[in-house]
Amino acid sequence: GENVEQHPSTLSVQEGDSAVIKCTYSDSASNYFPWYKQELGKRPQLIIDIRSNVGEKKDQRIAVTLNKTAKHFSLHITETQPEDSAVYFCAAHAGGTSYGKLTFGQGTILTVHP
Amino acid sequence: EAQVTQNPRYLITVTGKKLTVTCSQNMNHEYMSWYRQDPGLGLRQIYYSMNVEVTDKGDVPEGYKVSRKEKRNFPLILESPSPNQTSLYFCASRDRARTEAFFGQGTRLTVV
């Protein structure tokens, strides 16, 4: 089945700096890659996603890139703000015989210092 | 309001006492899933369902059961809970496979 590895597990940056979180996946049939943000004590919420026919997608300060050949995708947050502090999860939607299954990475705790 | 509702939010129980965590969504979504969240391990999928009466195992299905008799409901059943099932549980639903997953509020389960 699909395996998603996420790095780093913790990330500390100064306000205004950029933050990058990287994920790798194992199943070449995976075709949809969302990112979720979970604030302390709350449920995960989608912040951006990318499909396998696209290499990059941006939404204001957030961007995601996908390298299908290398089977990795990354989340980029520019001009970080204290309210960006949260746990971020990447995920991969399986194709093939596991179609419908959404596998998450282990999560990255992002701390933005004022 | 579109939402996924889990109950209960908090539960403390004893080893071996059967329990059910309910999950209901009002968005007519086809896909529903259960995850457990443990520190350092992320969100691990327990079971998922692609439609009524269609369910499949996720990555950590041992000790859990599910059923999908109606499109809106997807209960998680622990027939004989054990302390290693102490965790934070999330239910989620999606309209189609490659779309946003909406999560419930979470259920904090403690098995003593």
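Filter segment A:88-105 for residues that are of a type outside the set (Ser, Thr, Tyr) and buried (at least 19 other Cβ atoms within 10 Å of the Cβ) and give the result. Those that are of a type outside the set (Ser, Thr, Tyr) and buried (at least 19 other Cβ atoms within 10 Å of the Cβ): A:Phe89, A:Cys90, A:Ala91, A:Ala92, A:His93, A:Ala94, A:Gly95, A:Gly100, A:Lys101, A:Leu102, A:Phe104, A:Gly105. Among the conditions (1) touching a strand residue (DSSP E or B) at 6+ places or on another chain (Cβ under 6 Å); (2) open to solvent by 70 Å² or more (accessible area, probe 1.4 Å); (3) under 24 Å from A:Ala91 (Cα atoms); (4) not hydrophobic (A, V, I, L, M, F, W, C), the only one that B:Asn28 does not satisfy is (1).
Inside segment B:95-112, can you point out the residues that are closer than 19 Å to A:Gly100 by Cβ, more than 8 Å from chain A (Cβ to nearest Cβ) and part of a strand (DSSP E or B)? Once the filter is applied, which keeps residues that are closer than 19 Å to A:Gly100 by Cβ, more than 8 Å from chain A (Cβ to nearest Cβ) and part of a strand (DSSP E or B), segment B:95-112 yields only B:Phe102.
The residue that is surrounded by the most Cβ atoms within 10 Å (Cβ to Cβ), among those in segment B:62-93 that are of a type in the set (Ser, Thr, Tyr) and free of Cβ contacts under 8 Å to residues at least 40 places away in the same chain, is B:Tyr64.
Residues of segment B:39-55 that are open to solvent by 20 Å² or more (accessible area, probe 1.4 Å) and either assigned to a strand (DSSP E or B) or more than 7 Å from chain A (Cβ to nearest Cβ) (or both): B:Pro39, B:Arg44, B:Tyr47, B:Met50, B:Asn51, B:Val52, B:Glu53, B:Val54, B:Thr55. Which residues, taken from segment A:27-44, are in a loop (DSSP other than H, G, I, E, B) and more than 18 Å from B:Arg98 (Cβ to Cβ)? A:Glu39, A:Leu40, A:Gly41, A:Lys42, A:Arg43 - these are the residues of segment A:27-44 that are in a loop (DSSP other than H, G, I, E, B) and more than 18 Å from B:Arg98 (Cβ to Cβ).
The values are calculated or read from the model by the stated rules, or taken from the named source; none is laboratory data. Remember, it's a predicted structure, so these values are computed and weren't measured experimentally. Note that we place each Cβ from the backbone using ideal geometry, even for glycine, and neighbour counts take in every protein chain shown. Areas reflect the complete protein model, heavy atoms only, side chains present, ligands, DNA and RNA absent. Shrake-Rupley method; radii C 1.70, N 1.55, O 1.52, S 1.80 Å.
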